[in-house]
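Report on the structure given below.
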Amino acid sequence: MSWWKSAVVYQVYPRSFADSDGDGIGDLAGIASRLDHVAELGADVLWLCPVYPSPQDDAGYDISDYRAIDSTFGTLADFDRLLAEVHARGMKLVTDLVVNHTSDEHAWFAESRSSRDSPRRDWYWWRPPRAGMEAGAPGAEPTNWRSAFSGPAWELDPATGEYYLHIFSRKQPDLNWETPELREAIYEMMRWWLERGVDGFRMDVVNFISKDPALPDGRGDGGAFVSGSEHYICGPRVHEFLAEMHREVFAGRDGLLTVGEMPGVTVEDARLFTDPARAELDMVFQFEHVQLDQGATKWDLRPLALRDLKASLGRWQAGLAERGWNSLYWGNHDQPRAVSRFGDDGEHRVRAAKMLATVLQMHRGTPYVYQGEELGMTNAPFARLEDFRDIESLNHYAESVAAGADPEHVLASLRRMGRDNARTPMQWDASERAGFTTGTPWLAVNPNHVEINAEAARADPDSVFHHYRRLIELRHSEPVVAHGDFTMLLPDDERVYAFTRRLGDVELLVLGNFSGAAAEAAVPSGERWRAAEVLVGEAPDGLLSLRPWEGRVLKARSAR
Ligand code: TEU
């Protein structure tokens, strides 16, 4: 049981991983052809982002059929082949489960919108205009909630004169989990995938599935529309629904991994979601540490204070120490590239990428590696608006510029925070299209692929890639990494991240210099550590002296 405590997950974003047929978009056969890269890294699990039929309004997170594969990515036969190839390498495959919403082109929604009396009407959230207002009039939306992708979270359907709720794009109507038949249809679909052989699910915004059915207006004064998320983040029945899902889908099946993506989740809630005794989920993705460099919105950038990062991650480590389990990540397909955001993507790129990996992977929890992170891939040099593809960025630009914002200022925040940074093609080699495609890539290849690529990394024993390999191996071979306790050190140090892990008489000291200047780690019992073994990294200037952006793991045995 709990095999995933010593596992590492590798996230594949299919559009951008490998293209086998030259249409410029990655596909399942492409992934299968590059699986040895993932196996060589030592990852235990591959998480595959959505590959289902989709109008691709939100890059596949708008699903129009849960039981098929989009022709862009291949066929169900290709999926089965990929699954077999993953299993043949001793790895598991976890797929993306997007059941807070569907595409507006899903048959369920077509039926639901067909009439107010449709038997599937209440599979989605339909509401009349605000009392006393005409459908379509400004402000007639049933609530003042904002969509995560700009504008109101409601869209009027003129045919029936009612609005439907969409927390994300207007092509992503929210499913109404209050309806028991809808829940059963989802569980049945999940069982269908498990019977096909998949090993679990990464569940998209699964803490949004229970809304306050009264749908009250959101609090706050962000103008005409406010978030409203207090009425759907970890809503009244979310634990009930996930416990039901567990009973209906997961109970009695061994070897699975379930991880819920949960924006806005608190440590206390996460403990409930992941307490094995409650039988809901194995782990959750929390968002606190990826919001510390933001103000009111993700576009409102602030410098990250290392103290805040330590306080946050430290609180999650402590909060899930006795019950529950953490997932660990710096990046994914929604976040900027980790080395550009938290490290240095210039002079010290390689050292910073390694340090970030060392610090994260030595925490207690299950690490997730996002494709390209193991190469130290960086943010992209997007020049113009036309270089971006992501609906979130494009909508935000249109909305802010229409409201009078300086276009250059908006572009600057898209460059820093836009999701397309993570979605540029995987850099396999130095050739013109980075070995990703023979056609025109759907999103430009980062020109730095001539230097940063998998082929070069494999050939260089000091590369970021080989560093990840060693860290993953350590999680498999040193029980303290998976199972040891965690103690944060130096909470107020503005440059050095430091903590210990302990299991029995084995103790690790993990150090990371989050600055471009040399730093001394003033840890307690420094004398003892000066005689320790260097487990990860080098120590040319002394065991507690760190070069710019350098990371290190020391190992000692204690008499205690
Ligand atoms: O993301 C949910 C989410 O809240 C964010 O991470 C999202 O990217 C937000 O816009 C950040 O500003 C999940 C998926 O990971 C994301 O790709 C989807 O767009 C979204 O759900 C809707 O399915």
Item to check | Identity of the residue in the range 156-170, of a type outside the set (S, T, N, Q) and surrounded by fewer than 23 Cβ atoms within 10 Å (Cβ to Cβ), that ends up farthest from ASP217 (Cα to Cα) | outcome: ALA159
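This table checks each residue for (1) crowded, with 18+ Cβ neighbours inside 10 Å; (2) touching a Phe, Trp or Tyr at 6+ places or on another chain (Cβ under 6 Å); (3) free of Cβ contacts under 8 Å to residues at least 40 places away in the same chain; (4) within 27 Å of TRP4 (Cα to Cα).
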residue: SER54; (1), (2), (3), (4): yes, no, no, no
residue: ALA59; (1), (2), (3), (4): yes, no, no, no
residue: ASP62; (1), (2), (3), (4): yes, no, no, no
residue: SER71; (1), (2), (3), (4): no, no, yes, no
residue: ASP78; (1), (2), (3), (4): yes, no, no, yes
residue: ALA88; (1), (2), (3), (4): no, no, yes, yes
Checklist entry - With respect to the numbered conditions (1) more than 16 Å from the ligand (Cβ to nearest atom); (2) in a loop (DSSP other than H, G, I, E, B), which one is the sole condition not fulfilled by ASP70? => result (1)
Checklist entry - Taking the range 171-212 as the region of interest, how many residues are of a type in the set (A, V, I, L, M) and assigned to a strand (DSSP E or B)? => result 2
Checklist entry - Going by the structure shown, is GLY22 within 26 Å of ARG364 (Cβ to Cβ) and either surrounded by fewer than 22 Cβ atoms within 10 Å (Cβ to Cβ) or over 20 Å from the mean Cα position of the chain (by Cα) (or both)? => result no
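I'd like the full set of residues that are part of a loop (DSSP other than H, G, I, E, B) and either modelled with pLDDT under 95 or under 22 Å from LEU313 (Cα atoms) (or both), limited to the range 495-515.
Those that are part of a loop (DSSP other than H, G, I, E, B) and either modelled with pLDDT under 95 or under 22 Å from LEU313 (Cα atoms) (or both): ARG495, PHE514, SER515.
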Checklist entry - Take the residues of the range 77-127 that are acidic (Asp, Glu) and assigned to a helix (DSSP H, G or I): which is farthest from SER33 (Cα to Cα)? => result ASP122
Item to check | Those helices (runs of 4 or more DSSP H) lying entirely in the range 373-424 with at least 3 residues of a type in the set (A, V, I, L, M, F, W, C) | outcome: 391-402, 407-417
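Residue by residue, here is whether (1) modelled with pLDDT of 95 or more; (2) in a loop (DSSP other than H, G, I, E, B); (3) under 14 Å from ASP104 (Cβ atoms) holds:
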site: ARG130; (1), (2), (3): yes, yes, no
site: MET133; (1), (2), (3): yes, yes, no
site: ALA137; (1), (2), (3): yes, yes, no
site: THR143; (1), (2), (3): yes, yes, no
site: LEU156; (1), (2), (3): yes, no, yes
site: TYR164; (1), (2), (3): yes, no, yes
site: SER169; (1), (2), (3): yes, yes, yes
Item to check | Unmet criterion (only one of (1) modelled with pLDDT under 95; (2) crowded, with 23+ Cβ neighbours inside 10 Å; (3) of a type in the set (S, T, N, Q)) for THR378 | outcome: (1)
Next on the checklist: Suppose we keep only residues that are charged (D, E, K, R) and buried (at least 21 other Cβ atoms within 10 Å of the Cβ) within the range 171-194. Which one would you say is farthest from LEU256 (Cα to Cα)?
Outcome noted: LYS171
Checklist entry - Which of the following residues is under 20 Å from the mean Cα position of the chain (by Cα), within 14 Å of the ligand (Cβ to nearest atom) and closer than 22 Å to ALA88 by Cα: LEU48, LEU41? => result LEU48
Item to check | Pairs, first basic (Lys, Arg) in the range 394-422, second not in a helix (DSSP H, G or I), C-beta under 7 Å, six or more apart | outcome: ARG415/PHE382; ARG416/LEU301; ARG416/PRO336; ARG419/HIS333; ARG419/ASP334; ARG419/ASP390
Next on the checklist: Looking at (1) more than 21 Å from the chain's Cα centre (by Cα); (2) within 16 Å of the ligand (Cβ to nearest atom); (3) of a type in the set (Asp, Glu), which one does ASP390 not meet, given that it meets all the others?
Outcome noted: (1)
Checklist entry - List pairs: first in the range 142-154 and farther than 13 Å from ARG127 by Cβ, second more than 12 Å from the ligand (Cβ to nearest atom) and not in a loop (DSSP other than H, G, I, E, B), Cβ under 7 Å, 6+ apart or cross-chain? => result ARG146/PRO152; ARG146/VAL226; SER150/GLU399; GLY151/GLU399
Checklist entry - When the range 189-209 is examined, which residues are found to be of a type outside the set (Lys, Arg) and away from the ligand (no atom under 16 Å from the Cβ)? => result MET189, MET190, TRP192, TRP193, LEU194, GLU195, GLY197, VAL198, ASP199, GLY200
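Quick grid of which residues meet (1) within 16 Å of the ligand (Cβ to nearest atom); (2) surrounded by fewer than 21 Cβ atoms within 10 Å (Cβ to Cβ):
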| residue | (1), (2) |
| --- | --- |
| GLN361 | no, no |
| LEU394 | yes, yes |
| GLU408 | no, yes |
| LEU411 | no, yes |
| ARG415 | yes, yes |
| PRO425 | no, no |
| THR438 | no, yes |
| PRO441 | no, yes |
Checklist entry - What's the number of the condition THR366 fails, among (1) within 16 Å of the ligand (Cβ to nearest atom); (2) touching a helix residue (DSSP H, G or I) at 6+ places or on another chain (Cβ under 8 Å); (3) under 30 Å from ASP493 (Cβ atoms)? => result (1)
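The values are calculated or read from the model by the stated rules, or taken from the named source; none is laboratory data. Treat the numbers as computed from the prediction; the structure is a model and nothing was measured. When we count neighbours, we look across all protein chains shown, and the Cβ atoms used for this are built from the backbone with ideal geometry, even at glycine.
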